[in-house]
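Beneath this line is the structure, given in structure tokens, with notes to follow.
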Amino acid sequence: MIELENLTKRYGDVDVVSDVSMQIQPGSFTVVVGQSGSGKSTLLRMVNRLVEPTAGRVLIDGRDVASLPGPTLRRGIGYAIQGHGLFPHRTVAQNIATVPTLLGWPKAKIRARVAELLEALQLDPGQFAAKYPDELSGGEQQRVGVARALAAGPNILLMDEPFGALDPIIRVKAQDDVKAIQRRFETTILLVTHDMEEAFHLGDAIAVMSGGKLQQYGSPEDLLLRPANDYVSRLIGSSDRALRALSLKTARDAAESGDTDGLFPIAPDANLRDALAELIWRGADAAAVSGEAGTPPRRLSLRRILALGRGA
Ligand SMILES: Nc1ncnc2c1ncn2[C@@H]1O[C@H](COP(=O)(O)OP(=O)(O)OP(=O)(O)O)[C@@H](O)[C@H]1O
């Protein structure tokens, strides 16, 4: 278990993290969510002592992290950040092997672990192990970053906006991969994001931060049904309302008459949330919705979907 006890970080005369206490259960996926500048990253970085608290303490399995040298502590805790931070002149396999090599693992054990992680992240070891980071797509680089953070089998993985740079479709895929890995290796994950959707998609528990303070810490259901204050209800409402409304309307409801030449088709029953995802994925600004028997197809534009979402 990770226990944060009255954690505070002060820069100048501002408490960027202010008296935060929370307990993170072993094997759980906990998401810290909040707007930019709310203190999320600083909170996360106090767990592995990249930032030293001004007051309060962090206990891992009852042991104060301040009692361990920072580098020793960090070798036992995975850390994955946005933009992956891979070493450009090392291969994928060498990148993933960084911490096991530092720990002096035998070569065969390292090779087996690299292969296991690549497979878990759906990267074929034969194809990817010898590549260099700049030969990979953004999503692949991000997955290698996660594999590297997991290499020495840490019980705890800290992730700071790990999916921030990925496009929406790959992002969901990457989130699902990490969630599956977390279940398989029973890793305790603490992940920071500004994206409430992501928090709800991943979190067993969600901590909402604002102005350095912990506004609420609970299950996704707690936050939805029993928001602790107006800030939390606004944050949940604003991220969800439009998309929820779009998922209730169909392409058939929203299509308009107009030119459909050369547009990709979308099923009349598709909901507008899925239609929006499809338009984003294809980089298109309109699709063709087939008409009822004998009627011509109609046009569903991005502009129309956005207008319906805004009106929610
Ligand atoms: N080393 C530092 N010196 C002074 N101020 C800092 C330092 N690090 C962070 N801050 C300030 O502390 C506040 C919280 O920063 P932090 O990075 O924890 O926020 P965040 O919620 O993670 O934001 P973001 O999502 O933008 O990364 C910000 O106002 C930031 O400018």
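The values are calculated or read from the model by the stated rules, or taken from the named source; none is laboratory data. Being a predicted model, the structure only gives us computed values, none of them experimental. Cβ: placed from backbone, ideal geometry, glycine included. Neighbour counts: every protein chain shown. These area figures cover heavy atoms from the full protein model, side chains too; ligands, DNA and RNA do not enter into them. Shrake-Rupley method; radii C 1.70, N 1.55, O 1.52, S 1.80 Å.
Counting only residues that are farther than 20 Å from L59 by Cα and within 9 Å of the ligand (Cβ to nearest atom), which one in the stretch 4-18 is nearest to the chain's Cα centre (by Cα)?
The qualifying residue nearest to the chain's Cα centre (by Cα) is V16.
Could you identify the single residue in P154, P227 that is buried (at least 18 other Cβ atoms within 10 Å of the Cβ), more than 16 Å from the ligand (Cβ to nearest atom), in the same structural domain as G139 (by TED's automatic domain parsing) and more than 27 Å from L118 (Cα to Cα)?
Details: P154 fails: more than 27 Å from L118 (Cα to Cα).
Testing whether each residue is buried (at least 18 other Cβ atoms within 10 Å of the Cβ), more than 16 Å from the ligand (Cβ to nearest atom), in the same structural domain as G139 (by TED's automatic domain parsing) and more than 27 Å from L118 (Cα to Cα) leaves just P227.
Starting from the stretch 254-266, keep only residues that are over 10 Å from L300 (Cα atoms), then list their pairs with residues that are assigned to a loop (DSSP other than H, G, I, E, B) whose Cβ atoms are within a distance under 7 Å, requiring at least 6 positions of separation or different chains.
Within 7 Å, the pairs are F264/A284.
List the residue pairs whose Cβ atoms are under 7 Å apart, where the first residue sits in the stretch 160-171 and is on the phi > 0 side of the Ramachandran plot, the second is open to solvent by less than 30 Å² (accessible area, probe 1.4 Å) and within 16 Å of the ligand (Cβ to nearest atom), and the two are 6 or more positions apart or on different chains.
Taking only residues 6 or more apart or on different chains, the pairs are E161/V192; E161/T193.
Residues of the stretch 24-41 being touching a residue at least 40 places away in the same chain (Cβ under 8 Å) and near the ligand (Cβ under 8 Å from one of its atoms), which ones? Working first, answer last.
Step one: filter the stretch 24-41 for residues touching a residue at least 40 places away in the same chain (Cβ under 8 Å), giving 24-36, 38-41.
Selection gives G34, Q35, S36, S38, G39, K40, S41.
Do the conditions hold for R183, that is, is it free of Cβ contacts under 8 Å to residues at least 12 places away in the same chain and not in a strand (DSSP E or B)? Don't jump to the end; show me each part of the working.
Details: free of Cβ contacts under 8 Å to residues at least 12 places away in the same chain: yes; not in a strand (DSSP E or B): yes.
In short, yes.
Looking only at the stretch 42-70, filter to residues that are away from the ligand (no atom under 13 Å from the Cβ) and among the acidic types (D, E); which one of those is least open to solvent (accessible area, probe 1.4 Å)? First the steps, then the outcome.
First, the residues of the stretch 42-70 that are away from the ligand (no atom under 13 Å from the Cβ): 48-49, 55-70.
Okay, now just the ones that are also among the acidic types (D, E), so 61, 64.
On the way: D61: 117, D64: 46 Å².
In this case the residue turns out to be D64.
Please state which of the following conditions D177 fails to meet, knowing it meets all the rest: (1) without any contact (Cβ under 8 Å) to a residue 12 or more places away in the chain; (2) farther than 19 Å from I24 by Cα; (3) charged (D, E, K, R).
The one condition D177 does not meet is (1).
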